[in-house]
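Written below as structure tokens is the structure these notes are about.
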Amino acid sequence: MLNFPVPYESETIYSTIARAGVNLAFLSPKQLLDEVFQDRKVVATMDLPCNLNKIAGHLQGTGRFDVSELIYRHTLFPLYAVFVPESIRLKAIELMCESSGGAVHMMLGIAASNVKADGYFRYCKSCVQSQYECYGVAYWKREWFLPALKFCSEHGELSVMKNSFKEHRHSYFSASDLIDLSITKDSKRAEFGQKISSKAIELLQIPPITSPSTDQWTAFYKKLASDMSYTKGKNVCHSSIFERFIASVPEASLKEWGLYEGLNSETGWLKTMFRKHRKSFSYLQHLLIWYVFLPELEVEEIIRQVCNIPLNKTEHRAVIEKNPEPSAECLKKRCEWEGVVKKLGVKGARSSSGGGSLYAWLYRHDRIYFLAFNANYKKKENVARVQKV
């Protein structure tokens, strides 16, 4: 495709394609899809577009804008990249190069996240005026479409249109054509929203890096709790963390962003983040914690600290293999477990009354014996089943 427009600073891919349609005076959305992608089924996506190999090909003559630059400078991918395992980050990049059929949003956890994007066009009037002065056109900036955050980090609250870019799946609308539409606005909580938006923009500007593992995130938050003196022995004082957090973040903002309900419950996201990470959390949850507990650190510095946490895979095993002499309580628990297992089997023993707590206690305090005994008994069970058959 000739004369495909060069993306402006922080312009979304959606916006660049829309400007291409305006420049070529295309009236039909299908005509634009044919010209850009040679595929009429491509869905116009604002945050995480796919088929980026085609866009990179149109910009090949510029000597820049390879797929990596397009993803990290002109999409919202950096909001999610460092919070998912490295294998998922690489797979998502691979899918964004071609057609993914919506798989990218699923694998990054966006579809199941409490932090939702509303799908409405947003813009900052002051930024648009600057765009007209510099470029003669308006365009959609990616920071205007941060999920849940409707604030410009420089000028305050964004103008939110009544039109949604999700209503027309295959159409690209240019900012210059839409900014005069009626808008709704709410000036409350703008100052706090601006601060968090500034942190989000810092996150957007982080260059491509290897994603920290879930173990590194676990270690980081445990160390953070320890550094803040919110631990007692090996246990985290979640009540103290909650008190400081809720005193620093407006309750109204948490409710608006879908992060307030169940916040102080045993399974609430705030407590879960200071426990072992078994899943990825949204960018906004991380940013809120950093805002409260690490206000002086830049986002890139925090990410660097997490990435530099050593992954000592043998450390945990070495502690277990010391196998100290069992205490009287430990011997008693062993005897109880052996008696139940001989009657009900390992699976039945764990499901029995009191069996679950006994299982957990032995697994935590007497793991070498516990795993060896269970494995040996399971072998006998398997042999018995085979003989019966």
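The values are calculated or read from the model by the stated rules, or taken from the named source; none is laboratory data. Not measured: the values here are computed from a predicted model. Every residue, glycine among them, receives a Cβ derived from its backbone with ideal geometry; neighbour counts consider all protein chains shown. Side chains included, ligands, DNA and RNA excluded: accessible areas come from the protein's heavy atoms. Shrake-Rupley method; radii C 1.70, N 1.55, O 1.52, S 1.80 Å.
Using DSSP to call loops (not H, G, I, E or B), can you name the GluC sites (Glu not before Pro) in the range 59-118 whose Cβ has at most 14 other Cβ atoms within 10 angstrom?
Within the range 59-118, the qualifying GluC sites (Glu not before Pro) (loop, at most 14 other Cβ atoms within 10 Å) are GLU98.
Between LEU59 and residues 5 or more places away or on another chain, which pairs have amide H atoms under 5 Å apart, with H built 1.01 Å from N, and which residues are they?
none
Once both axes come from the Cα atoms, what is the angle between helix 355-365 and the longest principal axis of the chain, in degrees from 0 to 90, rounded to 10?
90
Hey, what angle do you get for helix 190-204 against the long axis of the chain, alpha-carbon based, 0 to 90 degrees rounded to 10?
80
In the chain, if the dipole is taken from +1 on Lys/Arg beta carbons and -1 on Asp/Glu beta carbons about the Cα centre, which of THR218, VAL306, SER357 is farthest to the positive end?
Toward the positive end, the furthest listed residue is SER357.
Taking amide H atoms as placed 1.01 Å from N in the peptide plane, list the residues 5 or more away in sequence, or in a different chain, whose amide H sits under 5 Å from that of PHE151.
Excluding prolines and chain starts, which carry no amide H, the hits are LEU158.
Testing the spin-label approximation: label points 7 Å from Cα along Cα→Cβ at ASN53 and PHE192. State their distance in nm.
Inter-label distance under the simple model: 4.6 nm.
Among the listed pairs LYS232/LYS271; LYS91/LYS166; LYS223/LYS279; LYS150/LYS195, give every one whose C-alpha distance is greater than 22 Å.
Details: LYS232/LYS271 15 Å; LYS91/LYS166 25 Å; LYS223/LYS279 19 Å; LYS150/LYS195 12 Å.
Checking Cα-Cα distances, LYS91/LYS166 exceed 22 Å.
Run the simple label-point estimate for ARG169 and LYS342 please: 7 Å along Cα→C-beta, distance reported in nm.
With each label point 7 Å from Cα toward Cβ, the separation is 6.4 nm.
Using only Cα atoms, tell me the angle between helix 238-248 and the longest principal axis of the chain; keep it within 0 to 90° and round to the nearest 10.
Roughly 20 degrees, rounded to the nearest 10.
With θ set to phi - 60°, apply the Karplus curve 6.51 cos²θ - 1.76 cosθ + 1.60 along the range 88-96 and write out the HN-Hα couplings as whole Hz, x wherever there is a Gly or Pro.
6, 4, 5, 5, 5, 4, 4, 5, 5
Counting alpha carbon pairs within less than 8 Å and at least 6 residues apart, what relative contact order, in whole percent, applies to the chain?
Reported relative contact order: 16 percent.
Using a Gaussian network model of the chain with C-alpha springs under 10 Å, which one of ASP39, ASP227, ASP366 is most mobile by mean-square fluctuation?
ASP366
Rounded if a/c is under 1.5, else prolate if a/b is larger than b/c, else oblate: which is the range 5-60, with a ≥ b ≥ c the root eigenvalues of its Cα gyration tensor?
Because its axes are fairly even, with a/c under 1.5, the range 5-60 counts as rounded.
Could you tell me whether the range 183-277 comes out rounded, prolate or oblate from its Cα gyration tensor? Rule is a ≥ b ≥ c as square roots of the eigenvalues, rounded for a/c under 1.5, then prolate if a/b exceeds b/c, otherwise oblate.
Oblate is the answer for the range 183-277, as a/c is 1.5 or above yet b/c matches or exceeds a/b.
What label, among (1) 85, 55, 50; (2) 82, 55, 35; (3) 75, 51, 39, belongs to Cα extents along the principal axes in Å computed from the structure on display?
(2)
Summarise the accessible area of the range 134-265 (1.4 Å probe, protein heavy atoms) by the percent that is carbon and sulfur. Don't skip to the answer; put the middle values down first.
Numbers: 3090 of 6580 Å².
Summing carbon and sulfur atoms, their accessible area is 47 percent of the total for the range 134-265.
Can you tell me the length gained on complete extension of the stretch GLU243 to GLU325, counting 0.36 nm per residue apart and subtracting the Cα distance?
That works out to 25.4 nm of additional length.
Report, in deg cm²/dmol and to the nearest 500, the calculated mean residue ellipticity at 222 nm for the chain, where each DSSP H run with n ≥ 4 adds -39500 (n - 2.57) and the sum is divided by the residue count.
Value at 222 nm, helices only, nearest 500: -15500 deg cm²/dmol.
For the chain, with a Gaussian network of springs between Cα atoms less than 10 Å apart, report the residue from GLY119, GLY348, GLY268 with the top mean-square fluctuation.
GLY348
With the other protein chains left in place, how much accessible area per residue, in square angstrom, belongs to the chain at a 1.4 angstrom probe?
That works out to 54 Å² per residue.
Using a basic spin-label model with each label point 7 Å from the Cα along Cα→Cβ, how many nm lie between ILE209 and ARG64?
Label at ILE209, label at ARG64, 2.2 nm between them.
Output wanted: per-residue J couplings in Hz (rounded whole) for the range 208-213, from phi through Karplus 6.51 cos²θ - 1.76 cosθ + 1.60, θ = phi - 60°, x for Gly and Pro.
3J(HN,Hα) across the range 208-213, in whole Hz: x, 9, 5, 5, x, 7.
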